[in-house]
Every structure is written in structure tokens, then in C-alpha cells.
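In what follows, a single structure is set out as C-alpha cells and then discussed.
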Amino acid sequence: QVQLVESGGGLVQAGGSLRLSCAASERTFSLYAMGWFRQAPGKEREFVASIRWNGGSIYYVDYADSVKGRFTISRDNAKNTVYLQMNSLKTEDTAVYYCAGDRSRTTATKLYEYDYWGQGTQVTVSS
């Protein structure tokens, strides 16, 4: 089965930046959809960002309104890795961040659309 491993979480002051990485056990060109979700204490897991590959040269990205303009998702298929660059971090961004992947080209923003999940990495933003 596909394994996803996140890294890059940690403690950062509000206004700072972090870059999360997600390494896949198989080539990411086979995981056409990759996404990031997060879960804060007492909250349900929510969509953050996704990137979809059409199998050719076109990528599609989606972002939650709460992170649009601050976070950037990207893929490096040669390294089987997906990244989430997080800038201008806010205290409300504090959560466990999960990487997700799916073989479908249409998978995007819903939890149930993803078949594979990482273990999560903690991001804590202090004021």
C-alpha cells in the first residue's frame, strides 16, 4: 500500500513561515491528486490545499479561503514529494497537518475523496 510521510512541522511565531513536505512511497505521477488537511483540537479535519495533475503538463490547485494568498502547494514528481509552503502564519493555523493522496484526477477538497493518508505533523503558531 502507498505510504505518505510528512515532515517540517514545528513551533513558529505568528507572521512566520514553515514548509511542510510529504514523501510518497510510490511515484507521485501515479497519485494524480495530492492534498493537505488539518485538524485543530476539538475540530473536524478540514481541507487546506490540493494539487491535481492531468497526466500531462497541466496542474490544478485549490485552496481553502482561510489560507488563500498565504499558503502554496507544489509537487516534485522526480522526488515523489509534495510541499506546503505556509507564510504569514496565524495562531488559528495551529493544527495537526495531514498529507493525503489519491489516484483519481478529480479528487480535490473532500476527505472521502482520498484513499491514502500520512501520520500527520504538528504545526503550532504562537502569538
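Summary of computed values
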read-out: Check on Gly10, of a type in the set (Gly, Ala, Ser) and open to solvent by 30 Å² or more (accessible area, probe 1.4 Å); value: no
read-out: Thr106 β-branched (Val, Ile, Thr) and farther than 15 Å from Ile51 by Cβ; value: no
read-out: Selection from the range 34-46 of residues that are surrounded by fewer than 22 Cβ atoms within 10 Å (Cβ to Cβ) and of a type in the set (A, V, I, L, M, F, W, C); value: Ala40
read-out: Test: residue in the range 89-105 that is among the β-branched types (Val, Ile, Thr), touching a residue at least 24 places away in the same chain (Cβ under 8 Å), touching a Ser or Thr at 6+ places or on another chain (Cβ under 7 Å) and open to solvent by 50 Å² or more (accessible area, probe 1.4 Å); value: yes
read-out: Flag if Tyr112 is under 14 Å from Gly35 (Cβ atoms) and open to solvent by 40 Å² or more (accessible area, probe 1.4 Å); value: yes
read-out: Matching residues, the range 87-127, being among the polar types (S, T, N, Q) and not in a strand (DSSP E or B); value: Asn87, Ser88, Thr91, Thr94, Ser104, Thr106, Thr107, Thr109, Gln119, Ser127
read-out: Filter result for Ala23 (among the aliphatic types (A, V, I, L, M), under 13 Å from Glu6 (Cα atoms), open to solvent by 40 Å² or more (accessible area, probe 1.4 Å) and assigned to a strand (DSSP E or B)); value: yes
read-out: Segments classed as strands (runs of 3 or more DSSP E), wholly inside the range 47-86, with at least 1 members that are within 16 Å of Arg105 (Cα to Cα) and open to solvent by 20 Å² or more (accessible area, probe 1.4 Å); value: 59-63, 71-76
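The values are calculated or read from the model by the stated rules, or taken from the named source; none is laboratory data. Worth saying up front: this structure is predicted, and the values here are computed from it rather than measured. Using ideal geometry, Cβ is built from the backbone for each residue, glycine included, and neighbour counts are taken over all protein chains shown. For accessibility, only protein heavy atoms count, side chains too; no ligands or nucleic acids. Shrake-Rupley method; radii C 1.70, N 1.55, O 1.52, S 1.80 Å.
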